[in-house]
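Trainee: Dumping the structure here so I can ask a few things about it.
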Amino acid sequence: MNPKLAFVGAGRMAGAIVRGVLSSGNWAPSDITCTSAPDGTAETLAAETGILFTFQINELLNGADWIILACKPQQLEALPSELAPISSGKRVLSILAGSPISRLQSVFPHAAAIVRAMPNTPGMIGRGITAYAASTPLQAADAAVVEAILSSLGDVLPLPESSLNAVTGLSGSGPAYVFEFVAALRDAGIREGLDPETACHLALKTVQGAAALLQAVPESPETHRDWVSSPGGTTLAGLAALQKADFRESVAKAVRAARERADELA
């Protein structure tokens, strides 16, 4: 029998996990219950997927084996105090950015296991990557459940918890940097005379194709870059402009700023 899942939060990432585990066939809608703030998200997710929803915390956790924390990180402290006793013996899987295991243990002091995970938004289409760490070494059955849940979003990578804020800065926030880069390519094309629709199409397909090529041909990004760059050609001229603008350092600053914010949230 599959473990019962109780989702605290019913937003986009919660919805992605619910749809992913249902699509996998490992869980049925009757195995899953969700709750949320009274904003309609729990009712909507339940209506769209067939899972159950409730606003009563006792009802949510009644019979649940795993608690999936998918609310906003700032809402963690606002969770009802009765969570501590009624979550005793249950497992907790958190996808809250910047919320360390030690903080989760203060909210769920009697949990049998606590797992902290950092997914990213491409998980909404099954193309994400999620790193995770556990409070203590997981039993084989618990590790299998964690892998089954998180793999519904894409690739899964176990790491020490000390690495998770860096993961947040790189892959957790990274899709936003890619979206910004696509927007920058689009805007640059428009400035050079392309119409907006054509510029957007070219920018998106360029990034998609480059990423697919990088995955299909297992060479370093630098090697692929050099293959595109003919001596004295157009690409080298563009790369020189990026280097002059300290492009890599700008990306490094973005990752560091996001990681530092995750440290602050902790």
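Trainee: Do we find a residue being within 27 Å of residue 67 (Cβ to Cβ), open to solvent by 30 Å² or more (accessible area, probe 1.4 Å) and more than 15 Å from the chain's Cα centre (by Cα) anywhere in the range 221-232?
Mentor: no
Trainee: Same structure, new question: Go through the range 82-152 and tell me which helices (runs of 4 or more DSSP H), entirely inside it, have 1 or more residues that are more than 26 Å from residue 58 (Cβ to Cβ). Write out each step before concluding.
Mentor: On the way: elements: 83-86, 101-107, 140-150.
Fully inside the range 82-152 and qualifying: 101-107, 140-150.
Trainee: Do we have any residue at all in the range 243-258 that's touching a residue at least 40 places away in the same chain (Cβ under 8 Å), under 30 Å from residue 140 (Cβ atoms) and open to solvent by 60 Å² or more (accessible area, probe 1.4 Å)?
Mentor: Quick first cut of the range 243-258, residues touching a residue at least 40 places away in the same chain (Cβ under 8 Å) only: 251, 254-258.
Keeping just the survivors that are under 30 Å from residue 140 (Cβ atoms) gives none.
There is no residue in the range 243-258 that is touching a residue at least 40 places away in the same chain (Cβ under 8 Å), under 30 Å from residue 140 (Cβ atoms) and open to solvent by 60 Å² or more (accessible area, probe 1.4 Å).
Trainee: Of all residues in the range 54-89 being surrounded by 18 or more Cβ atoms within 10 Å (Cβ to Cβ) and in contact (Cβ under 8 Å) with a residue 60 or more places away in the chain, which is farthest from residue 36 (Cα to Cα)?
Mentor: 65
Trainee: Looking at the range 1-14 only, could you name the residues that are part of a helix (DSSP H, G or I) and open to solvent by 40 Å² or more (accessible area, probe 1.4 Å)?
Mentor: The answer is 12, and nothing else.
Trainee: Looking at (1) touching a Gly at 6+ places or on another chain (Cβ under 7 Å); (2) farther than 22 Å from residue 259 by Cα, which is the one condition that is false for residue 78?
Mentor: (1)
Trainee: Just one of the numbered conditions (1) of a type in the set (Lys, Arg); (2) touching a residue at least 40 places away in the same chain (Cβ under 8 Å); (3) open to solvent by 20 Å² or more (accessible area, probe 1.4 Å) is not true of residue 127; which one?
Mentor: (2)
Trainee: Here's something else I'd like to know. Only residues that are in a helix (DSSP H, G or I), closer than 25 Å to residue 122 by Cβ and either free of Cβ contacts under 8 Å to residues at least 12 places away in the same chain or touching a Phe, Trp or Tyr at 6+ places or on another chain (Cβ under 8 Å) (or both): list them for the range 15-46, please.
Mentor: If the condition is that a residue be in a helix (DSSP H, G or I), closer than 25 Å to residue 122 by Cβ and either free of Cβ contacts under 8 Å to residues at least 12 places away in the same chain or touching a Phe, Trp or Tyr at 6+ places or on another chain (Cβ under 8 Å) (or both), then 17, 18, 21, 42, 45, 46 are the ones that fit.
Trainee: Taking residue 156 as meeting all but one of (1) over 25 Å from residue 252 (Cβ atoms); (2) in a helix (DSSP H, G or I); (3) in contact with a Leu (Cβ under 8 Å, 6 or more places away or on another chain), write down the number of the exception.
Mentor: (2)
Trainee: Run residue 153 past the list (1) surrounded by fewer than 14 Cβ atoms within 10 Å (Cβ to Cβ); (2) closer than 28 Å to residue 259 by Cα and report the number of the one that doesn't hold.
Mentor: Only one criterion is unmet by residue 153, namely (1).
Listed here are the residues, each with its yes/no results for (1) hydroxyl-bearing (Ser, Thr, Tyr); (2) modelled with pLDDT of 95 or more.
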| position | (1), (2) |
| --- | --- |
| 130 | yes, yes |
| 147 | no, yes |
| 152 | yes, no |
| 159 | no, yes |
| 164 | no, yes |
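Trainee: Same structure, new question: Name every residue in the range 15-47 that is within 22 Å of residue 130 (Cβ to Cβ) and open to solvent by 30 Å² or more (accessible area, probe 1.4 Å), in order of residue number.
Mentor: Correct list: 19, 22, 23, 24, 25, 26, 41.
Trainee: Moving to a separate point now. Tell me, which residue of the range 179-209 that is part of a helix (DSSP H, G or I), hydrophobic (A, V, I, L, M, F, W, C) and open to solvent by 70 Å² or more (accessible area, probe 1.4 Å) is nearest to residue 238 (Cα to Cα)?
Mentor: 181
The values are calculated or read from the model by the stated rules, or taken from the named source; none is laboratory data. None of these values were measured; they are calculated from a predicted model. No Cβ is skipped: glycine too gets one built from the backbone with ideal geometry, and neighbour counts run over all protein chains shown. Remember, those area values only see protein heavy atoms, side chains included, never the ligands or the DNA or RNA. Shrake-Rupley method; radii C 1.70, N 1.55, O 1.52, S 1.80 Å.
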